[in-house]
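Q: Structure in C-alpha cells, see below.
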Amino acid sequence: MAQSFGGKVHHIKEPKRDTAADTAAIETTVKDILSAVQTRGDAAVREFSNKFDKSELDRFEVTAEERQQALNGLDKQTRADTEFAIDNVRRFAQAQLATILPLEVELLPGLHLGHRVIPIERIGAYVPGGRYPILSAPVMTIVPAKVAGVDDVIACLPPTAHPAMIAGCHLSGADRIFRIGGAQAIAALAFGTETVPAVDKIVGPGNAFVNEAKRQVFGRVGIDQLAGPSEIFVVADSTGDASMIATDLLAQAEHDIHTRVGLITTDAKLAEDTVREVERQLETLSTADVAGVAWRDFGEVVVCDDEASMIAYSDFIAAEHLQVHTADSAATAKKLRNYGSLFIGPLSSVVYSDKCCGTNHTLPTMAAGRYTGGLWVGSYVKICTHQTLDARAVAAVAPPAVRQSATEGMEGHRRAAALRLSEVG
C-alpha cells in the first residue's frame, strides 16, 4: 500500500506478501513490444503471438463463419445464461445512461452554456483468456459500449481463449473480433496495424503485461483503469456468519494466486471462526491450489474496536468488492465511501455481479476506489461543453475578461475580448 493506516487495528491474520511488485522487467518487455508493433504492425503482432501464445494464425480477425461456429458450440443453457447476463447488463446500462443528460442553461441574459453527451467513436475491449473462460468478461466491456452509442467496438482476446469467449463477444455486440492477446493486443489497438484499426479508448482487465501496456499507451488513447489482482473484503459485526464469509472469500480467491481477500470485523470470535472455516473449506475446494495460495499470501483478518474503526479501515483498504454483513447492513453501507462495488446484506454475493445481475464487474483495485468507480456506461461517453453569447452577454463578460487579460499581460487575449465589446458597443 502507498499509504499506512493511522488508526489501531488488531490482525488475526496478516498478509504475508504485498500486492505491489517490482515491474521493471515487465516495463522493459512491454516497451519493446509496443515499439515493435508500432513500427512493424501485423508482422510484429504475429511474432509475439507465436512467442507468447504459441499461435501461428495466418489472420487475426474472426470471420462471420467462425462466429457462427462458436455460437453453435454453445450448449442451449450456456447461451441462455449468457443472454440473461447481457439483458441485465444492458438494462442497467440503459438506466444509467438515462441519468446522464445534456444541459442548456442561460447563466446570464444572452449567455447560453451547455454540454452534450457524445459517445466515443471507437473503443477496444480487451477480453482476457485467463485461468477460466469467464463468459461474463465480454458482456461487461462490450454491452455498455453499445448502449452508450459507440460506433465501433473492437474486441481482442488471446488466440488460446475458449471458443465460448468468441460467442460471448458476438452476442454482446462486438463489431469486430481479433484473436490477439497480451501487450501486443494493446499495442495493436493503440497504434493500429494493417488489419487492426486504432481505437480511441481501451477497456478491460488483463494480466500484468496487459496492464503495463495500457499504462504506457495512456495519453495516446484513453484507458478505463489500471487493474491489479482481484480483491474482496467483508465488513461484519457479530451477526456475520463465518461459513458464508469464508465461502465468499474463497470464491474470489480462486481467481488468481494474487487475489487479495479479507475480513474487517468488530467481533474477535467471528474473526477466529472465519480463519478456521477458510482452512476447513480449503480441504474440499477443487480450486484450492489457487485459492489456498491467495489466502496464505494475501489473506487478511482484522478486528476493530468499534464500528467507526471498522468503517475507517475499510475506507483505507478501498476494496474492489466490499460486502456488508452487519445487523443493519443498509445503515452501515451509507457510512462507507471507498470501494469499487458494494454488496449490501448477506444475500448480496459478489458472484452475482461477477456473472449476471447487471452491475459491472470491471472495478478499481489497489485502493483506486478512493478516487474512482468502476467501468460503466459513462466510461464510453464524453461530456463536452459549449457556449453561445449574444450582445447582452458580451457586454457583461467582456469588460472583466479585458481587465483580467491586461492584468496577466496577455495582450492577445485582451484584444480578442475588446474586439467583440467594440462590435456590440
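Q: Would you mind telling me the antiparallel percentage of the DSSP bridges in segment 100-236, rounded to 5?
A: If I count the DSSP bridges inside segment 100-236, around 25 percent turn out antiparallel.
Q: Treating only the Cβ of Lys, Arg, Asp and Glu as charged (+1, +1, -1, -1), what charge dipole size does the chain show about its Cα centre? Round to the nearest 20 debye.
A: So the dipole magnitude of the chain works out to roughly 1140 debye.
Q: Given a 1.4 Å probe, how much area per residue of segment 121-165 is accessible, in Å²?
A: 30
Q: What residue among 42, 305, 152 has the largest mean-square fluctuation in a Gaussian network model of the chain, using Cα springs under 10 Å?
A: Judging by the Gaussian network model, the answer is 305.
Q: Using Cα-only point scatterers and the Debye equation, what is log10 of I(q)/I(0) for segment 8-81 at each q in 0.14 Å⁻¹, rounded to two decimals?
A: Once normalised to I(0) and log-transformed, intensities are -0.78.
Q: In vacuo Debye scattering of segment 125-169, one point per C-alpha: log10 I(q)/I(0) at q = 0.14, 0.17, 0.26 Å⁻¹?
A: Log10 I(q)/I(0), no solvent term: -0.29, -0.43, -0.88.
Q: Identify which of 394, 301, 235 has the largest mean-square fluctuation in a Gaussian network model of the chain, with springs joining Cα atoms closer than 10 Å.
A: 394
Q: Take peptides 176-188, 246-258, 278-290 and line them up by average Cβ neighbours within 10 Å, highest first, as a rough protection proxy.
A: 176-188, 246-258, 278-290
Q: Can I ask one more? Among 210, 143, 105, which one shows the highest mean-square fluctuation when the chain is modelled as a Gaussian network with alpha-carbon springs under 10 Å?
A: 105
Q: Another question, then. In terms of modelled amide H atoms, which long-range or inter-chain residues lie less than 5 Å from the amide H of residue 12?
A: Residues meeting the criterion, in which the H sits 1.01 Å from N, are 301, 302, 303.
Q: Would you work out if segment 32-165 is rounded, prolate or oblate? Take a ≥ b ≥ c from the square roots of the eigenvalues of the alpha-carbon gyration tensor; rounded if a/c is under 1.5, else prolate when a/b is larger than b/c, oblate otherwise.
A: The shape class here is oblate.
Q: Could you tell me which residue out of 147, 387, 186 lies farthest along the dipole of the chain toward its positive end? Charges go on the beta carbon: Lys and Arg +1, Asp and Glu -1, centred on the Cα centre.
A: Value computed over the given set: 387.
Q: Moving on. Which Cα, out of 57, 43, 5, lies furthest along the positive dipole direction of segment 1-72 (beta carbon charges, K/R +1, D/E -1)?
A: 5
Q: Taking H as built 1.01 Å from N, whose amide H comes closer than 5 Å to the amide H of residue 62, not counting residues under 5 places away?
A: 177, 178, 179
Q: Can you tell me which of 397-407, 371-381 comes out highest on packing, and rank the rest after it, using the mean Cβ neighbours within 10 Å?
A: Final packing ranking: 371-381, 397-407.
Q: Next question. Per residue of segment 417-425, in order, report the coupling 6.51 cos²θ - 1.76 cosθ + 1.60 (Karplus, θ = phi - 60°) as ³J(HN,Hα) in whole Hz, putting x for Gly and Pro.
A: Values per residue, Gly and Pro as x: 6, 5, 4, 5, 5, 5, 5, 9, x Hz.
Q: For residue 31, go through the aspartates and glutamates and keep the ones whose alpha-carbon is under 15 Å away, minus same-chain ones fewer than eight residues off.
A: 212
Q: Please compute the Cα-Cα pair-distance distribution of segment 237-349 with 5 Å bins starting at 0, giving whole percents from short to long.
A: All Cα pairs, binned at 5 Å, distribute as 2, 13, 24, 26, 21, 11, 4, 0 percent.
Q: If the reach is capped at under 29 angstrom between alpha carbons, list the lysines near residue 76, excluding any in the same chain fewer than eight residues apart.
A: 146, 355
Q: Among the listed pairs 54/214; 201/334; 214/382; 201/335, which are separated by more than 29 Å between their Cα atoms?
A: With Cα atoms farther than 29 Å apart: 201/334; 201/335.
Q: Just to be sure I follow: if Rg is taken over the C-alpha atoms of segment 292-398 and Rh is the Kirkwood radius over the same atoms, what is Rg/Rh?
A: For segment 292-398, the value is 1.22.
Q: Roughly how many Å² is the accessible area per residue of segment 242-336, as a whole number, for a 1.4 Å probe?
A: Computed with neighbouring chains in place, this is 36 Å² per residue.
Q: Taking N as the number of residues in the chain, what is its alpha-carbon radius of gyration divided by 2.2 N^0.38 Å?
A: 1.15
Q: For segment 174-294, take N as its residue count and report Rg(C-alpha) divided by 2.2 N^0.38 Å.
A: 1.44
Q: Oh, and also: Pop out the carbon and sulfur fraction of the accessible area of the chain as a percent, whole number, probe 1.4 Å.
A: The nonpolar share, carbon plus sulfur, comes to 53 percent.
Q: Would you calculate, for the chain, the mean residue ellipticity at 222 nm contributed by helices, counting each DSSP H stretch of 4 or more residues as -39,500 (n - 2.57) and dividing by all residues, to the nearest 500?
A: -14500 deg cm²/dmol
Q: What angle do you read, to the nearest 10 degrees and between 0 and 90, between the alpha-carbon axis of helix 288-298 and the longest principal axis of the chain?
A: It is inclined by approximately 60 degrees.
Q: As a test of understanding, state the convex hull volume per residue of segment 44-100 from its alpha carbons, in Å³.
A: Looking at segment 44-100, the number lands at 158 Å³ per residue.
Q: How much of the DSSP beta bridge set in the chain is antiparallel, as a percent to the nearest 5?
A: Approximately 35 percent, going by the DSSP bridge assignments.
Q: Also: If you fit an axis through the alpha-carbon atoms of helix 24-40 and take the longest principal axis of the Cα set of the chain, what angle between them do you get, 0 to 90°, nearest 10?
A: Around 50 degrees separate the two axes.
Q: Note the angle between two axes, namely the Cα long axis of helix 242-253 and the longest principal axis of the Cα atoms of the chain, as a number of degrees from 0 to 90, rounded to the nearest 10.
A: 60
Q: Taking θ = phi - 60°, what integer Hz values does the Karplus form 6.51 cos²θ - 1.76 cosθ + 1.60 yield along segment 333-350, in sequence order, with x for Gly and Pro?
A: 4, 5, 8, 8, 9, 10, 5, x, 9, 10, 10, 9, x, x, 7, 9, 7, 4
The values are calculated or read from the model by the stated rules, or taken from the named source; none is laboratory data. In this text, all values refer to a predicted model and were calculated from it rather than measured experimentally. Quick reminder, even Gly has a Cβ in these numbers, built from the backbone with ideal geometry, and neighbours come from all protein chains shown. Ligands, DNA and RNA are stripped out before the accessible areas are found, and what is left, the full protein with its side chains, is counted by its heavy atoms. Shrake-Rupley method; radii C 1.70, N 1.55, O 1.52, S 1.80 Å.
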